[in-house]
Amino acid sequence: HTGLFGNRRVAKDHSRIEAYGTVDELNSFLGLLRSEPLDPQFDQQLKSIQDELFEVGADLATEGGRACLARIEPATLELERWIDASEAILPPLRTFVLPGGCRNAALLHVLRTVSRRAERSFWTAARLASEPYGTENPIQPIPPQIGIYLNRLSDLFFTWSRRANLQAGVADVPWHRMG
C-alpha cells in the first residue's frame with residue numbers, strides 16, 4: 001500500500017497511482033527532451049507543460065484534488081493554439097507516419113505515446129472513482145478536464161514531432177503496408 005496526499009492508503013496498483021505515475025513518467029521524458037539543444041522559446045513551452053503536468057500529478061495524488069483546474073483549462077486552449085500554429089506550416093499528411101526522423105522528433109513521438117498512456121490511465125481512474133460500487137473503493141470524482149488536457153497534449157506532441165523533422169530537413173518516416 002501507499003498513501004495519497006490526505007493520508008488515505010490505497011494499493012500500489014490503484015488506478016489513481018497508475019495515473020499519476022504515468023504523468024510523472026511523461027514529465028521525466030519531457031526533461032529528457034529539454035536536455036537537448038533547443039530553441040529557447042520551444043524550451044519555455046516545454047517547461048510550461050512540465051509545470052502543468054506536475055500540478056496534474058499532484059491533483060491525481062490528492063483526494064478531491066482540483067487545484068490544477070484554474071491552470072489546466074486555459075493551458076488546454078494554449079495547446080490548441082500551438083497545434084494550430086504547427087499544422088499551419090506542415091505539409092498535409094498523405095500517409096501514416098512511423099515514430100522517427102531526427103532525434104527530437106523521435107523523442108516527441110515517445111512523449112506522444114506516453115501521454116496517450118497517461119490519458120488512458122486517467123480515464124480508467126476517473127471511471128473507477130465515479131463508480132459507487134466499484135472495485136477500488138471510490139475516493140472522489142476526478143475532474144475530466146485533466147483527461148482532455150492529456151488528449152490535446154498527445155496531439156501537440158505529434159504535430160511537434162512532424163515540425164521537428166521539417167525544421168531539421170528530415171522527412172517523416174512513412175508507414176507502408178507489408179506485402
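Some notes on this structure:
- Pair list, Cβ < 8 Å and 6+ apart or interchain, from segment 141-166 residues that are assigned to a helix (DSSP H, G or I) to residues that are modelled with pLDDT of 95 or more and of a type in the set (Lys, Arg): Ser154/Arg112; Ser154/Arg116; Phe157/Arg112; Phe158/Arg112; Ser161/Arg112
So that you can scan it fast, the table gives a plain yes or no per residue for (1) over 17 Å from Arg8 (Cα atoms); (2) at pLDDT below 95:
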site: His109; (1), (2): yes, no
site: Ser115; (1), (2): yes, no
site: Ala118; (1), (2): yes, no
site: Glu131; (1), (2): yes, yes
site: Thr135; (1), (2): no, yes
site: Ile139; (1), (2): no, yes
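- Test for Glu25: is it open to solvent by 70 Å² or more (accessible area, probe 1.4 Å), on the phi < 0 side of the Ramachandran plot, of a type in the set (Asp, Glu) and part of a helix (DSSP H, G or I): no
- Qualifying residue in segment 7-20 (condition: modelled with pLDDT of 95 or more and open to solvent by 70 Å² or more (accessible area, probe 1.4 Å)): no
So that you can scan it fast, the table gives a plain yes or no per residue for (1) assigned to a helix (DSSP H, G or I); (2) of a type in the set (A, V, I, L, M, F, W, C); (3) closer than 18 Å to Ser154 by Cα; (4) in contact with a helix residue (DSSP H, G or I) (Cβ under 6 Å, 6 or more places away or on another chain):
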residue	(1), (2), (3), (4)
Gly65	no, no, no, yes
Leu77	yes, yes, yes, no
Arg81	yes, no, yes, no
Arg94	no, no, no, no
Arg112	yes, no, yes, yes
Ser115	yes, no, yes, yes
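- Any hit, segment 31-51, residues being modelled with pLDDT under 95, in a helix (DSSP H, G or I) and under 22 Å from Arg116 (Cβ atoms): no
Yes/no matrix, rows are residues, columns are (1) under 20 Å from Trp175 (Cβ atoms); (2) open to solvent by 50 Å² or more (accessible area, probe 1.4 Å); (3) out of contact with any Ser or Thr (no Cβ under 6 Å at 6 or more places or on another chain):
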residue: Leu77; (1), (2), (3): no, yes, yes
residue: Ile83; (1), (2), (3): no, no, no
residue: Pro91; (1), (2), (3): yes, yes, yes
residue: Thr95; (1), (2), (3): yes, yes, yes
residue: Gly100; (1), (2), (3): yes, no, yes
residue: Leu108; (1), (2), (3): yes, no, no
residue: Thr113; (1), (2), (3): yes, yes, yes
residue: Arg117; (1), (2), (3): no, yes, no
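- Taken over segment 32-77, the criterion of being among the small types (Gly, Ala, Ser) and closer than 12 Å to Pro143 by Cβ is satisfied by Gly64, Gly65, Ala67, Ala70.
- Subset of segment 43-66 that is surrounded by 13 or more Cβ atoms within 10 Å (Cβ to Cβ), over 14 Å from the mean Cα position of the chain (by Cα) and free of Cβ contacts under 8 Å to residues at least 60 places away in the same chain - its residue that is farthest from Asn165 (Cα to Cα): Thr62
- Residue in segment 83-109 that is nearest to the chain's Cα centre (by Cα), counting only those that are over 12 Å from Trp160 (Cβ atoms) and β-branched (Val, Ile, Thr): Val97
- Residue within segment 124-131 that is surrounded by 16 or more Cβ atoms within 10 Å (Cβ to Cβ), outside any loop (DSSP other than H, G, I, E, B) and touching a Phe, Trp or Tyr at 6+ places or on another chain (Cβ under 9 Å) present: yes
- Of all the listed residues (Arg94, Arg177, Arg71, Arg81), the sole one being modelled with pLDDT of 95 or more and basic (Lys, Arg) is Arg81.
The values are calculated or read from the model by the stated rules, or taken from the named source; none is laboratory data. Because the structure is a prediction, the values reported are computed rather than measured. In this analysis, Cβ positions are derived from the backbone assuming ideal geometry, glycine residues included, and neighbour counts consider all displayed protein chains. Note: accessible area is taken over every heavy atom of the protein model, side chains too, but ligands, DNA and RNA are not part of it. Shrake-Rupley method; radii C 1.70, N 1.55, O 1.52, S 1.80 Å.
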